[in-house]
Amino acid sequence: AVINPLVKRGIGLRTAYVWGRDVSIRARSVGDNGDQDVNAVVQAFLDDPSNQSAFTSGQAHTELEKALATDGNVFLACFTNPRSGRVQVRSLSFLEMQDIICNPEDSKDPWFYLREWQTTAVIANGESTASVNQTRRAYYPALGYRPLNRPKSINGIPVMWDSPVLHVSV
């Protein structure tokens, strides 16, 4: 996709075909005022600047479509503020995803995604500072998986219940 001009052109054509026209999303009005409230929530989500940069803008659509073409997978985490209900969508790197735990009765029904990623912390000690690299791990529930029992951790690894993940694969 980076070196081969034919592959690059193919991805460009695919992206233009899928996202060539802009997308318009709104809640359908059925006749009562509650529909306007639903549409206001939908529009606030779509117009949120952080969601536009990562998920809802034309540029974000293009970047996500290219990631699907090159990686074959996109993982979208819906970071939810439990107090306000605000949802911020962010893509997670395919390389950070270590495992998928599925329903033992149905291997096509994902329950959790294990993510492992690197962070850098800056530690101030008097007049000097140092950066420390840390490896972090967490389980993210699949979007739509809502069990009655929600453990805080699995095998000592925290579960991020407020950040469900949608896995899109091709």
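If r is the Cβ-Cβ distance from residue 81 to residue 108 and R0 is 35 Å, what FRET efficiency results, to the nearest 0.05? It would help to have the intermediate numbers written out before the result.
Details: r = 31 Å, r/R0 = 0.89.
Efficiency at R0 = 35 Å is approximately 0.70.
With every protein chain present, what is the per residue accessible area of the chain (1.4 Å probe, Å²)?
Per residue, the chain has an accessible area of 70 Å².
For residue 13, what charge total do you get from the other residues with a beta carbon under 14 Å from its beta carbon, if Lys and Arg give +1 and Asp and Glu give -1?
+3
Counting only C-alpha contacts under 8 Å and six or more residues apart, can you give the relative contact order of the chain as a whole percent? Please list the in-between numbers first.
Values: 239 pairs, mean separation 28.2, N = 170.
Contact order relative to length: 17 percent.
What distance in nm separates the two pseudo spin-label positions at residue 57 and residue 38, each 7 Å out from Cα along the beta-carbon direction?
3.0 nm
Which ³J(HN,Hα) values, rounded to whole Hz and listed in residue order, are derived for region 107-121 from phi using the Karplus coefficients 6.51, -1.76 and 1.60 in 6.51 cos²θ - 1.76 cosθ + 1.60 with θ = phi - 60°, glycine and proline given as x?
5, 8, 10, x, 10, 9, 10, 8, 10, 10, 9, 9, 10, 10, 10
Counting helices only, and only those DSSP H runs with n ≥ 4, report the 222 nm mean residue ellipticity of the chain as the sum of -39,500 (n - 2.57) divided by its residues, in deg cm²/dmol to the nearest 500.
-8000 deg cm²/dmol
Where the only charges are on Cβ atoms (+1 Lys, Arg; -1 Asp, Glu), what is the dipole of region 116-170 about its Cα centre, to the nearest 20 debye?
Its charge dipole is roughly 300 debye.
Counting only protein chains, not ligands or nucleic acids, how are 145, 139 ordered by accessible area (probe 1.4 Å), most first?
145, 139
Within the chain, which is the longest segment that contains none of the GluC sites (Glu not before Pro) sitting in a DSSP loop with at most 15 other Cβ atoms within 10 Å?
Maximal segment without exposed cleavage sites: 1-104.
Given 10 °C and 1.306 mPa s, compute D for the chain with the Stokes-Einstein relation, Rh being the Kirkwood radius over Cα pairs; round to the nearest whole µm²/s.
Values: Rh = 18.9 Å.
Translational D for this selection: 84 µm²/s.
Running a GNM on the chain with Cα contacts under 10 Å, which residue among 124, 138, 27 ends up with the highest mean-square fluctuation?
For the chain, modelled as a Gaussian network with Cα springs under 10 Å, the answer is 124.
Using bins 5 angstrom wide from zero, how does P(r) for region 57-96 break down, in % of all Cα pairs?
Over region 57-96, the share of Cα pairs per 5 Å bin runs 6, 22, 23, 22, 13, 9, 4, 1 percent.
The values are calculated or read from the model by the stated rules, or taken from the named source; none is laboratory data. Remember, it's a predicted structure, so these values are computed and weren't measured experimentally. For neighbour counting, all protein chains shown are included, and Cβ atoms are generated from backbone atoms with ideal geometry for every residue, glycine included. In case anyone asks, the SASA skips ligands and DNA or RNA and just uses the protein heavy atoms, side chains included. Shrake-Rupley method; radii C 1.70, N 1.55, O 1.52, S 1.80 Å.
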